[in-house]
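Note sheet for the following structure.
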Amino acid sequence: MENPDQMLGAVEHFPSGAATQDTAVKPKLHLKSQFYASREFVEKILPLPQWNEVLLATLRARAKERVQFLSGGPADSLASREESFGQMAALAPYLRARTPAQRDAQVIYLSIGSQNQDDRSLMENGEVLAVISGDAALAGIADYVYLVARATWLETQADLDRSVPPVSKFKHDLARWIRRLI
């Protein structure tokens, strides 16, 4: 997934630029996810060449959902369980062929939800967290691969300062004071 635009071309999806319709979608605040994997999983399962097929299937499904949304369909995915796990079909022979000992050593967890534990969140927001373990947690990997491929990685303080200029001490202190009020 080193070239996401090439992957999108492979699934024949070319973004339409119809961003004006996206403004009606309200972001889902406080939704965070974390993926945990054992070294055994990272060394044995992640290097499999079938991940390319998995990522292409996932991109095809996402592109299809996007087209449906832009033509007035729902904003949320309505994919069935079979469709969701069908995207992982290329890995199924390898996952099924593992011994119980290998399966136990290849630990994976995906947590999705709100992980805020600050005072405001605890008092005002509903905090929900789901933890998924086992092969079902693989459904979240494509999001992480896409994020890593599309992110602009900052490597130096100068890179950070160009992206987010430092604020003055006065503004910093004022923001901290206002934060305490909220």
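The values are calculated or read from the model by the stated rules, or taken from the named source; none is laboratory data. Since the structure is predicted, the reported quantities are computational estimates derived from the model, not experimental observations. Virtual Cβ from ideal backbone geometry, glycine too; neighbours counted across all protein chains shown.
Points worth noting:
- Residues within segment 72-107 that are modelled with pLDDT under 90, small (G, A, S) and surrounded by fewer than 12 Cβ atoms within 10 Å (Cβ to Cβ), tallied: 2
- Among the criteria (1) assigned to a helix (DSSP H, G or I); (2) at pLDDT below 85; (3) under 30 Å from V107 (Cα atoms), the one L138 does not fulfil is (2).
- Yes/no for G113 being among the small types (G, A, S), at pLDDT below 85, within 22 Å of K44 (Cα to Cα) and within 20 Å of the chain's Cα centre (by Cα): no
- Residue match in segment 56-64 (condition: in contact with a helix residue (DSSP H, G or I) (Cβ under 9 Å, 6 or more places away or on another chain), modelled with pLDDT under 60 and within 18 Å of R150 (Cβ to Cβ)): no
- Residue selected from segment 129-146 under the condition surrounded by 10 or more Cβ atoms within 10 Å (Cβ to Cβ) and free of Cβ contacts under 8 Å to residues at least 24 places away in the same chain, by the criterion farthest from S38 (Cα to Cα): L129
- Remark: pairs (first residue in segment 165-182, outside any helix (DSSP H, G or I); second residue surrounded by 10 or more Cβ atoms within 10 Å (Cβ to Cβ); Cβ separation under 9 Å; 6+ apart in sequence or on different chains) = P166/L160; P166/H172; V167/A175; I182/R120.
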